[in-house]
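Every number here is computed from the coordinates shown, using simple stated rules; none is lab data. In this text, all values refer to a predicted model and were calculated from it rather than measured experimentally. In this analysis, Cβ positions are derived from the backbone assuming ideal geometry, glycine residues included, and neighbour counts consider all displayed protein chains.
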Amino acid sequence: MSATIIDGKAFAAKVREQVAAHVARLKDEHGITPGLAVVLVGEDPASEVYVRNKGKQTLEAGMNSFEHKLAADTSEADLLALIDQLNTDPAVHGILVQLPLPGHLNSDLVINSIDPAKDVDGFHISNVGLLGTGQKSMVPCTPLGCLMMLRDHLGSLSGLNAVVVGRSNIVGKPMAQLLLGDSCTVTIAHSRTKDLAEVCRRADILVAAVGRPEMIPGDWVKPGATVIDVGINRIPAPEKGEGKHRLVGDVEFASAAEVAGAITPVPGGVGPMTIACLLANTVTACCRANALPEPEGLTA
Ligand SMILES: NC(=O)C1=CN([C@@H]2O[C@H](COP(=O)(O)OP(=O)(O)OC[C@H]3O[C@@H](n4cnc5c(N)ncnc54)[C@H](OP(=O)(O)O)[C@@H]3O)[C@@H](O)[C@H]2O)C=CC1
Ligand SMILES: Nc1nc(=O)c2c([nH]1)NC[C@@H]1CN(c3ccc(C(=O)N[C@@H](CCC(=O)O)C(=O)O)cc3)C=[N+]21
């Protein structure tokens, strides 16, 4: 193995320290405690892992955590009423509605009912538009975490060929916007892309956000490339015992690590950074709401 392992877990711990320091200052100097509300409708395994880690880390950073767990058959009207209440609650600075939502709920409608200033996921059309036009916005947590690791590892990204595999609204598209903002030459690949292997081999920066376990093998990776593996896939792990699972990314780690210059592991890569950036966005939202200076280095 030749690649540098980008330690997202350690990086995330540093980001959370910076967040906690800023939270302490907000409390001491202004008597303000940032608050994050998370809304979970029904049960989704990926979301539950995320919510569990997040609630704990929100409290550890000194912030208030408000969890709203709603039944899977909650009506759209009830969900919108809750969001309305959180929008007007002065103790709530950030609102996150876990995705995916059950099929009977219109996610676009729900997301766009969140006050854009409290939209710490950065999914509201207003924030999407601001990001796309290079204006100050709330930046989606997962792509923001990826950008932080890339800048930390590479310094300048200017002029590099970046390939993002996946075009979802929550990862692929905002990731591409951020890379473009840092002057990469950006290609967005997806399930209809012709000769994906060839496209990937041109990437100085390869971001995989597909949701297919170990889909990208080492021979799709350009020698020396920086590989960011966003995928979180639970696969059976009979070697750990009957019915056990383990997490793997969208990249075949062992073979990719032979070729890449640097690579993020799964777990311990993008996942922890996503949560750290959610906390960072909550502090940023709180500062903006109170017309106070924002923490430095924690936004795009
Ligand atoms: N680490 C973290 O913090 C987070 C991790 N994730 C993980 O990242 C992964 C992606 O999530 P998300 O963006 O929400 O997923 P989506 O399912 O919304 O999007 C997947 C994308 O991958 C593309 N795709 C699917 N199959 C192929 C293929 N064979 N070749 C090329 N492209 C393909 C799809 O293309 P098309 O549009 O053509 O269908 C689509 O654009 C998942 O594993 C998820 O669990 C997600 C959020 C946060
Ligand atoms: N509105 C919304 N925003 C999201 O950002 C969002 C969402 N909905 N729905 C679900 C996905 C998924 N997601 C994860 C974040 C962190 C880990 C994470 O911490 N992963 C650890 C592993 C945890 C474990 O050990 O199981 C790691 O990669 O090291 C996982 C998954 C955010 N998402």
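Per-peptide packing, taken as the mean over residues of other Cβ atoms within 10 Å, places 178-189, 77-88, 266-277 in the sequence 266-277, 178-189, 77-88 from highest down. Here the peptides 101-108, 145-152 are ranked by packing, the mean other Cβ count within 10 Å, and the order with the highest first is 145-152, 101-108.
Under 16 Å from the Cα of Lys14, which aspartates and glutamates turn up, not counting those fewer than eight places away in the same chain? Result set, ordered by chain and number: Glu60, Asp152, Glu296. Counting only the backbone N, which residues of the stretch 53-77 are under 17 Å from the spot 7 Å out from the Cα of Thr88 toward its beta-carbon? In the stretch 53-77, the label zone of Thr88 (backbone N under 17 Å from the point 7 Å along Cα→Cβ) covers 77. Annotation: extensible slack from Arg25 through Arg234 equals 71.3 nm (criterion: 0.36 nm per residue apart, minus Cα-Cα distance). The slack in the chain from Glu67 to Arg151, taken as 0.36 nm per residue of separation less the alpha-carbon distance, amounts to 27.0 nm.
With θ taken as phi - 60° and the Karplus curve 6.51 cos²θ - 1.76 cosθ + 1.60 applied, the whole-hertz 3J(HN,Hα) list for the stretch 122-128 is x, 9, 4, 3, 5, 5, 4 Hz, x standing for glycine and proline. Estimated purely from DSSP H runs of n ≥ 4, each contributing -39500 (n - 2.57), the mean residue ellipticity at 222 nm for the chain is -12500 deg cm²/dmol once divided by its residues. Projecting the Cα positions of Thr187, Leu70, Leu36 onto the charge dipole of the chain (unit charges on Cβ atoms of Lys, Arg, Asp and Glu, taken about the Cα centre) puts Thr187 furthest along the positive direction. Which one, Ser137, Leu80, Ser158, projects farthest toward the positive side of the charge dipole computed for the chain from Cβ point charges (K/R +1, D/E -1)? The residue sitting most towards the positive pole is Ser158. Amide H contacts of Ala72: Gly42, each under 5 Å away and 5 or more positions distant or on a separate chain (H built 1.01 Å from N in the peptide plane; Pro and chain starts excluded).
Of the listed pairs Lys222/Lys244; Lys54/Lys244; Lys69/Lys136; Lys9/Lys56, which have alpha-carbon separations greater than 25 Å here? Pairs exceeding the cut-off: Lys222/Lys244; Lys69/Lys136. For the listed peptides 118-126, 155-163, 14-22, 225-233, a ranking on the average number of other beta carbons within 10 Å per residue, highest first, reads 225-233, 118-126, 14-22, 155-163.
Debye sum, Cα scatterers, the stretch 1-131, no solvent: what log₁₀ I/I(0) at q = 0.18 1/Å? Values, matching the q order: -1.08. The distance separating the Cα centre of the stretch 1-23 from that of the stretch 106-165 comes to 19 Å.
Counting neighbouring Cβ atoms within 10 Å and putting the fewest first, the residues Val283, Val110, Val38 line up as Val110, Val38, Val283.
With θ taken as phi - 60° and the Karplus curve 6.51 cos²θ - 1.76 cosθ + 1.60 applied, the whole-hertz 3J(HN,Hα) list for the stretch 232-247 is 10, 10, 8, 10, x, 10, x, 5, 8, x, 5, x, 7, 10, 9, 9 Hz, x standing for glycine and proline.
The H on the amide N of Ala237, modeled in the peptide plane, is under 5 Å from the matching H of Lys244, His245, Arg246, each at least 5 residues off or on a different chain. In a DSSP loop and with at most 11 other Cβ atoms within 10 Å, the GluC sites (Glu not before Pro) in the stretch 153-249 are Glu242.
Dipole magnitude for the stretch 141-272: about 360 debye, using +1 per Lys or Arg Cβ and -1 per Asp or Glu Cβ, origin at the Cα centre. The aspartates and glutamates whose alpha-carbon is closer than 14 Å to the alpha-carbon of Lys173, local same-chain residues fewer than 8 away aside, are Asp121.
Taking 4.7 Å between C-beta atoms as the pairing limit, the chain has these partnerless cysteines: Cys146, Cys184, Cys200, Cys286, Cys287. Think of each Lys and Arg Cβ as +1 and each Asp and Glu Cβ as -1; about the Cα centre, that makes the dipole of the chain roughly 440 debye. Placing a pseudo-label 7 Å from each Cα along the Cα-to-Cβ vector at Glu17 and Lys244 gives an inter-label distance of 3.3 nm.
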